[in-house]
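Q: One structure, pasted below without further comment.
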2 protein chains.
Amino acid sequence: MKGGPCLAIDWGTTNRRVHLLDAGGAVLSTERSDRGIRAIAPGGFGAEIAALRERFGPLPVIAAGMVGSTRGMQEVPYVPAPADIAALAAVLAPAAGVEDMWIVPGVSCRTGGHADVMRGEEVQALGAVAAGLAPADALVCQPGTHNKWIELRAGRITGFATAMTGELFALLRDHSILAEMLDGPIEDGPAFRAGVAAAGQGNLLEQLFGVRAAVLLGDLPRTQAAAFLSGLLIGADAGGRAIAGRTVHLLADRQLGGLYAAAIEALGGVSLFIDSRAAFAAGIHCIRGLSHV
Amino acid sequence: MKGGPCLAIDWGTTNRRVHLLDAGGAVLSTERSDRGIRAIAPGGFGAEIAALRERFGPLPVIAAGMVGSTRGMQEVPYVPAPADIAALAAVLAPAAGVEDMWIVPGVSCRTGGHADVMRGEEVQALGAVAAGLAPADALVCQPGTHNKWIELRAGRITGFATAMTGELFALLRDHSILAEMLDGPIEDGPAFRAGVAAAGQGNLLEQLFGVRAAVLLGDLPRTQAAAFLSGLLIGADAGGRAIAGRTVHLLADRQLGGLYAAAIEALGGVSLFIDSRAAFAAGIHCIRGLSHV
């Protein structure tokens, strides 16, 4: 292991977070930007790293997330679950054409006929355990465009599922027949809780149209339709997971995470927030140490 | 009842079908166009009717569908279910400012806390019974952007549900992360049937993302992703309805109707196609007779 400071990059589809870590893995600074992989032209990744090194110094770079996908800098194969942090470190891929840069693989799983993939979330989840922010046996939830539910057993990712919850909400808000009714606030409250409760009681495709009917018939105030729909989708997402009596470790900001926490509570579970920046930094620091780069 | 020929208009959001009926209710001709209510400027409906009368003659007009909605020509209140064809006829609304034109009300229902509405489908469903194309006790399905499931008892609409199946497929195909994978054919076959079977076995939000994961991992050929997704959505729609052993009367074209028929069969039901044009014409003719317009 070379040691010394490094740049840990969480490089997603639409956003990028660059963390400057000291030799002990502590976060010295973080730069957030919209330089996600969609914003980078093919062949443009080398120049991006050069620009970062202009600003932060000529440091080793370890990147995770969609940067390792077919649409990113270079494709890095998934590690099949069950996977621990050593398994990720073992196949850390050197970036082609950029010196002293490595890309973390994603994780794939097949459970009961269901296939799933992740890129980036594995570093946060396993890093949370490495940093003592989550226990080695835990259910982790990472709300976002594509919400992840990760089962950790003895510090390994044993299975996970991705729900299209956030993307579906955005599709309905931006493009559907419901769009004109969804300009109200999206917050926890009676309408959100009613959505969570309704989700357990029927066919989701039917309940989506039911939002429109309820507004037209005066059963649901138009200003509360967005909160109700959010509750319906998050309730449909969380409700299928036997959460009652369980603790869910949330890697999320307080706003979206707060909605998940409310739904989890309504479903009889308990939620605990994890600092996702600290978890990611711990994950990268641990991978670096295990891989001797 | 004045009798004589009339124009029966099925006036939806994006399409319009104008049927010329003779005094006995037989369809003499049909004009299909994209002059749905979205294509008509506010205040422009009178000119549309005048133009139709230029072409077809100075005939009475009876119109059903979204023309009677808040976005249409004028709002006509819903008739609450249970509703039969006489209930529709009783509140046929004269069109404001256009002589000898009437608008059929829609139907609303509230079943077990679920609110729903329809405009236009009620004429087809009740018309199918009036014409002897469906029995007085029947489960009717009208696939489309917003698929309707209608329960008929003794010739009355006793309850119904609308599923956002078609719209959700279009949203995913046009705007989602799955979009790039959905250019294959949408047809009945092993991939469609696998989607129908999968729908009964998990969380829909998760299964939607699973389509992407299955393609990325090589479990689902990209060319079959659209058919699989179609099966997943139609299976999720039809699967919640205890179809096994029942006959479903389909008011649909052979292409989309064929997919529903395949899903219904896979779920243990039987499907029968109804001629939707004949059903609509019979419904309007019957309403006209009962209303004495």
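Q: Contour minus end-to-end for residue A:292 and residue A:170, with contour as 0.36 nm per residue of separation and end-to-end as the Cα-Cα distance?
A: Difference between extended and current length: 39.7 nm.
Q: Hey, another quick one. Report the paramagnetic label zone for residue A:137: residues of the stretch A:257-274 whose backbone N is under 20 Å from a point 7 Å from Cα along the Cα-to-Cβ axis.
A: A:269-272
Q: Sticking with this one: Can you run phi through the Karplus equation (6.51, -1.76, 1.60; θ = phi - 60°) for the stretch B:240-245 and list ³J(HN,Hα) in whole Hz, with x for Gly and Pro?
A: So the J values, rounded to whole Hz, are x, 10, 6, 7, 3, x.
Q: Taking H as built 1.01 Å from N, whose amide H comes closer than 5 Å to the amide H of residue B:248, not counting residues under 5 places away?
A: Amide H to amide H, under 5 Å and 5 or more residues apart or across chains, residue B:248 pairs with B:270, B:271, B:272.
Q: Got the relative contact order for chain B handy, in percent, Cα pairs under 8 Å and 6 or more residues apart?
A: This gives 18 percent for chain B.
Q: From the phi angles alone, apply the Karplus equation (6.51, -1.76, 1.60; θ = phi - 60°) to the stretch B:142-155 and give each ³J(HN,Hα) in whole Hz, x where the residue is Gly or Pro.
A: 10, x, x, 3, 10, 5, 9, 10, 10, 9, 10, 9, 6, x
Q: May I ask for the distance between the Cα centers of the stretch A:47-78 and the stretch A:233-261, given as a whole number of Å?
A: If we compute the Cα centre of each part, the gap is 31 Å.
Q: What is the calculated FRET efficiency for residue B:31 to residue A:51, with r their C-beta to C-beta distance and R₀ = 60 Å, to the nearest 0.05?
A: 0.45
Q: Further question on the same structure: For residue A:265 and residue B:154, what is the calculated FRET efficiency with R₀ set at 30 Å and r taken between the beta-carbons, to the nearest 0.05?
A: The value I calculate is 0.05.
Q: While we're looking at this one, here's another question. For an R0 of 41 angstrom, estimate the FRET efficiency from the Cβ-Cβ distance between residue B:91 and residue A:70 and round to the nearest 0.05.
A: Efficiency for this residue pair is about 0.10.
Q: Provide an ascending nm list, one decimal, of label-point separations from residue B:31 to the equivalent residue in each further copy; define each label point as 7 Å from Cα along Cα→Cβ.
A: Copy-to-copy label distances at residue B:31, shortest first: 6.5 nm.
Q: Something else now. If we hang a label 7 Å off Cα along the beta carbon direction at residue A:200, how far is it from the matching labels on the other copies, in nm, shortest first?
A: Inter-copy label distances (nm, one decimal, shortest first): 2.5.
Q: Other chains' Cβ within 10 Å of A:230-238 residues: what's the mean?
A: On the way: counts 0, 0, 0, 1, 1, 0, 4, 4, 2.
Neighbouring Cβ atoms belonging to other protein chains average 1 per residue here.
Q: On a full-extension model of 0.36 nm per residue, what is the gain between residue A:38 and residue A:177, subtracting their alpha-carbon distance, rounded to one decimal in nm? Don't skip to the end; give the middle numbers.
A: On the way: separation 139, 0.36 × 139 = 50.04 nm, distance 2.83 nm.
Once the chain is fully extended between residue A:38 and residue A:177, it gains 47.2 nm.
Q: Quick one: order B:84, B:183 by neighbouring beta-carbon count within 10 Å, fewest to most.
A: Result, fewest neighbours first: B:183, B:84.
Q: Next question. Pairing the Cα long axis of helix B:225-239 with the longest principal axis of chain B, what angle in degrees results, from 0 to 90 and rounded to the nearest 10?
A: So the helix axis and the longest Cα principal axis differ by about 60 degrees.
Q: What list of ³J(HN,Hα) couplings, whole Hz, do you get for the stretch A:29-36 from phi and the Karplus terms 6.51, -1.76, 1.60, once you set θ to phi - 60° and write x for glycine and proline?
A: Result, ordered by residue: 6, 9, 10, 9, 8, 9, 7, x Hz.
Q: With a ≥ b ≥ c taken as the square roots of the eigenvalues of the C-alpha gyration tensor of the stretch A:6-108, please select rounded if a/c is under 1.5 and otherwise prolate if a/b is larger than b/c or oblate if it is not?
A: Oblate shape, in that a/c is at least 1.5 and b/c is the bigger or equal ratio.
Q: Quick one: work out the % antiparallel among DSSP beta bridges in the protein assembly as shown, nearest 5.
A: Roughly 65 percent of the beta bridges in the protein assembly as shown run antiparallel, per DSSP.
Q: Would you please give the residues with an amide H less than 5 Å from that of residue A:176, counting only those at least 5 places away or on a separate chain, with H modeled from the backbone geometry?
A: Those qualifying (amide H under 5 Å, at least 5 residues apart or on another chain) number zero.
Q: For the stretch B:105-181 and the stretch A:116-142, what is the centre-to-centre distance using only Cα atoms, to the nearest Å?
A: 43 Å
Q: Okay, next question. Against the longest principal axis of chain B, how steep is helix B:276-291, in degrees 0 to 90 to the nearest 10, with axes from Cα atoms?
A: The helix B:276-291 is inclined about 40 degrees to chain B.
Q: While we're on this one: Starting from the 7 Å offset along Cα-to-Cβ, what nm value, one decimal, do you get for the label separation of residue A:201 and residue B:275?
A: With each label placed 7 Å out from Cα toward Cβ, I get 4.3 nm.
Q: Can you give the angle from 0 to 90° between the axis of helix A:254-266 and the longest principal axis of chain A, with both taken from C-alpha atoms, to the nearest 10?
A: 50 degrees
Q: If you count the DSSP beta bridges with both ends in the stretch A:6-108, what percent of them are antiparallel, to the nearest 5?
A: On the way: 14 of 24 bridges.
Roughly 60 percent of the DSSP beta bridges within the stretch A:6-108 come out antiparallel.
Every read-out reported here was derived from the displayed coordinates using simple, explicitly stated rules and does not represent laboratory data. Just so we're clear, the structure is a prediction, and the values are computed from it rather than from any experiment. Note: ideal-geometry Cβ built from the backbone for every residue, glycine included; neighbour counts use all protein chains shown.
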